[in-house]
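The values are calculated or read from the model by the stated rules, or taken from the named source; none is laboratory data. None of the values given here were measured: they were computed from a predicted structure. Neighbour counts run over all protein chains shown; Cβ positions are idealised from the backbone, glycine included.
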Amino acid sequence: MSDHGEHPSVYYDGRECRRSGGSKLASPFASHTFHGSWFLAGWNDMDLEIEQKNPKRAAKNKAA
């Protein structure tokens, strides 16, 4: 589906947005659309990876 892998390219746009510190609201698509859903899926997946690499952040988020 894209040059990156098996997901649509907007998934990787969402991952890149999160990696660079962007907000979920930075999505150029409405969340209820196909592209918006894939963008948010990429953003959320990267957020989980960041949490796993930083145990202090994961503990802080779990306590909240």
Looking only at residues that are farther than 16 Å from GLU49 by Cα and surrounded by 14 or more Cβ atoms within 10 Å (Cβ to Cβ) in segment 9-26, which one is modelled with the lowest pLDDT? ALA26
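Considering only segment 12-39, how many residues are of a type in the set (Val, Ile, Thr) and touching a helix residue (DSSP H, G or I) at 6+ places or on another chain (Cβ under 6 Å)? Walk me through how you get there before you give the answer.
Taking segment 12-39 first, the residues of a type in the set (Val, Ile, Thr) are 33.
From the residues that got through so far, the ones that are touching a helix residue (DSSP H, G or I) at 6+ places or on another chain (Cβ under 6 Å) too are none.
Summing the residues that are of a type in the set (Val, Ile, Thr) and touching a helix residue (DSSP H, G or I) at 6+ places or on another chain (Cβ under 6 Å) in segment 12-39 gives 0.
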Taking segment 27-49, which residues are over 10 Å from the mean Cα position of the chain (by Cα), of a type in the set (A, V, I, L, M, F, W, C) and either crowded, with 16+ Cβ neighbours inside 10 Å or not in a loop (DSSP other than H, G, I, E, B) (or both)? PHE29, PHE34
